[in-house]
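Shown next, in structure tokens, is the structure this report addresses.
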Amino acid sequence: MLELFGKRDRARSHCDGYSRRDFLKVGGMAAGGLSLGQLLGMEAKARTGSSHKAIINIYLPGGPSHLDMFDLKPDAPSEIRGEFRPIGTNVPGIQICEMFPLLAKMADKFAIIRSLADSDGAHDCYQCMTGHKRRDRSPVGGWPNMGAPVSKLLGAKTPGVPANLSLMYPTGNRTWGEAGTGGYVGNSYAPMGLVAKDPNQRAKSMTLRGMTLDRLMDRETLRHSMDRLHSEIDATGQMEGLDTYNQQALEILSDGKLSEALDISKEDPKVAARYGVNDPKYQRDGAPKMVKNFLVARRLIEAGARVVSLNYSRWDWHGGDGLNFPRSREEMPLLDQGLSALITDLHERGMSNDVSIVMWGEFGRTPKINKMNSRDHWPKANFAFVAGGGMNTGQVIGATDHGGHEPVERPVKFQEVFATLYHNLGIDLATATIEDASGRPHFLVDPGINPIRELIG
């Protein structure tokens, strides 16, 4: 997470009391105090491609119910099937929950994996961010966030816009708000965090030595600050001495591509309205319902990002003040609106073959409804919703048994989904390797793991 807070050095300051060195110095998420120029330099050395394939990774904290969303069991006993009925979609034979009428009209544009079979059972986002279980033996440095190897292998597409970005809100249950690290790939490839605890504040965690993105978005103030900085550097003949990457570091701050992408007031109001209205209230220890972050993710991809991770709301309903069915009736329609808007947006902009979407949670919910009219944790069966990326959509992959207890057809692993997403970016999984700090090379997925053939064949 890019954290640029620091104390002023008034003895040698420029822009609003901050020195040129301060202006260029950043600390990435576990970046070890490297300068932004150094980070950009490391990325550029690893750059092997220039295409702009991308991934939007949508995490639903807490374990959304497979049985109440995309794998309904209308013929099961009442204690299993629950209150919702399935509705038909525009693809014959595919049914989803009645709470998703907008998605039902575009089932040809997504695929549902109903047989995600290897959920860890840990109550966090780790597996959705890394593809691995926490107990898996890890290499030196640990398992990386999905975007880290992408950033390493493909590099940054656009100066001023890092390849790996996070819209993950910090959560009361800490493990629901962690986008992960660079792992064995390296700290400089960790996701840059762009949101703060308070959803009403823009990207407060991305602050230039006291200058928040709100001020960066104040183009006039930023222009004057940069003019002063450039004038003072030019007057001393130092500008020519700045290497390429330090100049790119200045671009992040002065060009404004990143800050403009975060500013949805610049979006066509009709398009923005499709996504629905944000609800900045936190869902207990989960994330807020910032549905327009789906739009922000699309804007970040257009600006040059390759992987954007985000968390949305809270889906851990056992009973008490978190009753499954009343809460589902509140949550699902807004998700339906936001997700359908994103898919529509990508198609209208000609981005659907390039941008892959995955939406999932850490596990499913118990087939049998508990005494509180809710469902509990259930790692034996889970789902993944995928769209875009040039994938073969309009299909369901796999199936669970009559009660939704476990997969009985085509069990799928998390890493197979990761392999598919990497494949969609044009990465050759048979040859692409990244060395850890000890010099040991690692493939992006485990041996024997391949992209899901039904999606890419």
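The values are calculated or read from the model by the stated rules, or taken from the named source; none is laboratory data. Since this is a predicted model, take the numbers as computed values, not measurements. Positions of Cβ are generated from backbone atoms using ideal geometry, with glycine treated the same way; all protein chains shown enter the neighbour counts.
List of remarks:
- Some residue of the stretch 372-391 being buried (at least 16 other Cβ atoms within 10 Å of the Cβ), out of contact with any Phe, Trp or Tyr (no Cβ under 8 Å at 6 or more places or on another chain) and modelled with pLDDT under 95: no
- Being at pLDDT 95 or above, within 26 Å of the chain's Cα centre (by Cα) and assigned to a strand (DSSP E or B) is a property that does not hold for MET351.
- Members of the stretch 316-369 that are of a type in the set (Gly, Ala, Ser) and more than 20 Å from LEU425 (Cα to Cα): GLY319, GLY320, GLY322, SER328, GLY338, SER340, ALA341, GLY361, GLY364
- Against the test of being touching a helix residue (DSSP H, G or I) at 6+ places or on another chain (Cβ under 6 Å) and closer than 22 Å to VAL195 by Cα, the options PRO159, PRO139 yield a single qualifying residue, PRO159.
- Only a single item in (1) within 18 Å of LYS73 (Cα to Cα); (2) surrounded by 24 or more Cβ atoms within 10 Å (Cβ to Cβ); (3) not basic (Lys, Arg) is not met by VAL396, and it is number (2).
- For first residues located in the stretch 356-377 and farther than 30 Å from ALA54 by Cβ, partners that are buried (at least 17 other Cβ atoms within 10 Å of the Cβ) and polar (S, T, N, Q) and lie 6+ apart or on another chain with Cβ distances below 7 Å form the pairs ARG365/SER65; ASN373/ASN324; SER374/ASN324; ARG375/SER65; ARG375/ASN324; ARG375/THR366; ASP376/THR366.
- Residue match in the stretch 216-228 (condition: at pLDDT 95 or above, in a helix (DSSP H, G or I) and either surrounded by fewer than 18 Cβ atoms within 10 Å (Cβ to Cβ) or more than 15 Å from the chain's Cα centre (by Cα) (or both)): no
- On inspection, SER309 passes the criterion of being of a type in the set (S, T, N, Q), touching a residue at least 60 places away in the same chain (Cβ under 8 Å) and farther than 26 Å from PRO74 by Cα.
- Criterion applied to GLY389, GLY426, GLY404 was being touching a residue at least 40 places away in the same chain (Cβ under 8 Å) and within 18 Å of ILE96 (Cβ to Cβ), and the one residue passing it is GLY404.
- Qualifying residue in the stretch 339-348 (condition: without any contact (Cβ under 8 Å) to a residue 12 or more places away in the chain, surrounded by fewer than 21 Cβ atoms within 10 Å (Cβ to Cβ) and either farther than 28 Å from GLY172 by Cα or among the charged types (D, E, K, R) (or both)): yes
- On the stretch given as the stretch 378-389, residues that are more than 27 Å from HIS52 (Cα to Cα) and aromatic (Phe, Trp, Tyr) total 2.
- Residue check, ASP446 free of Cβ contacts under 8 Å to residues at least 40 places away in the same chain, more than 30 Å from GLY141 (Cα to Cα) and among the acidic types (Asp, Glu): no
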